[in-house]
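Report on one structure; see the data block that follows.
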Amino acid sequence: MKHSCVNLEIERTLWLQGIERIAGVDEAGRGPLAGPVVAAAVIFPKEFIVDSVDDSKKCTAKQREELFELIVEQAISVGIGIVDHEVIDRINILQATILAMRKSIENMNIQPEYALIDGNSFKHETLRFQNIIGGDARSFTIAAASIVAKVTRDRLMRELDIRFPQYGFARHKGYGTHQHIEAIRTYGLCEIHRRSFHPSALQEKLF
């Protein structure tokens, strides 16, 4: 596997302040037309790093699967948060993403003292945290969370592909590919499609 550019620079600044349990948090599935948004939170031992971990979008599916197993094995704690299409439609994708991130932290068996969050929109009333734009390309802990979130969501979409084989979810994972849009044109929306996402190519026909 390639050497990544992510490192522990941000984490080390916090360790020097006496903060031990640092969670990295990221999500997968903000952009698709179907399925849930999934967030992951991970805490590692101090100074632990895997050189090949990188932003999940820069890894192949095979690399992500291999790294997922290593991350889960080596992490002190891992939490997953899943928010389904119905909640996404009800509260909007931004709020659903924040909710999934909060759930991922709540679902950790060891709670963090501090969280590093990918993006700029996370909010929390009691947990100390830092929003980092492009954090999955800068922080090892966030990058590891991005891989856990992506692999978890991809596995869910492959399961949903068994229920709804005509849409090709195993291939495109719910994103608005040409194949997916053509399948929606042919079969209409299924129960896991997000009704609040209106791809322009479909508006006249479906909405």
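Numbers below:
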{"read-out": "Extreme residue, farthest from Leu116 (Cα to Cα), among residues of the range 16-36 that are aliphatic (A, V, I, L, M) and outside any strand (DSSP E or B)", "value": "Leu33"}
{"read-out": "Matching residues, the range 99-112, being surrounded by 19 or more Cβ atoms within 10 Å (Cβ to Cβ) and either part of a loop (DSSP other than H, G, I, E, B) or aromatic (Phe, Trp, Tyr) (or both)", "value": "Met108, Pro112"}
{"read-out": "Neighbours by Cβ (under 7 Å, 6+ apart or cross-chain): first from the range 119-143, at positive phi; second surrounded by fewer than 20 Cβ atoms within 10 Å (Cβ to Cβ) and modelled with pLDDT of 95 or more", "value": "Gly119/Asn131; Gly119/Ile133"}
{"read-out": "Number of the condition not met by Asp154 [criteria: (1) at pLDDT 95 or above; (2) surrounded by 15 or more Cβ atoms within 10 Å (Cβ to Cβ); (3) more than 15 Å from Gly35 (Cα to Cα)]", "value": "(3)"}
{"read-out": "Thr13 vs. criteria in contact with an Asp or Glu (Cβ under 9 Å, 6 or more places away or on another chain), in a helix (DSSP H, G or I) and hydroxyl-bearing (Ser, Thr, Tyr)", "value": "no"}
{"read-out": "Breaking point among (1) surrounded by fewer than 24 Cβ atoms within 10 Å (Cβ to Cβ); (2) assigned to a helix (DSSP H, G or I); (3) free of Cβ contacts under 8 Å to residues at least 60 places away in the same chain; (4) hydrophobic (A, V, I, L, M, F, W, C), for Ala96", "value": "(1)"}
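The values are calculated or read from the model by the stated rules, or taken from the named source; none is laboratory data. All values derive from a computational prediction rather than experimental measurement. For neighbour counting, all protein chains shown are included, and Cβ atoms are generated from backbone atoms with ideal geometry for every residue, glycine included.
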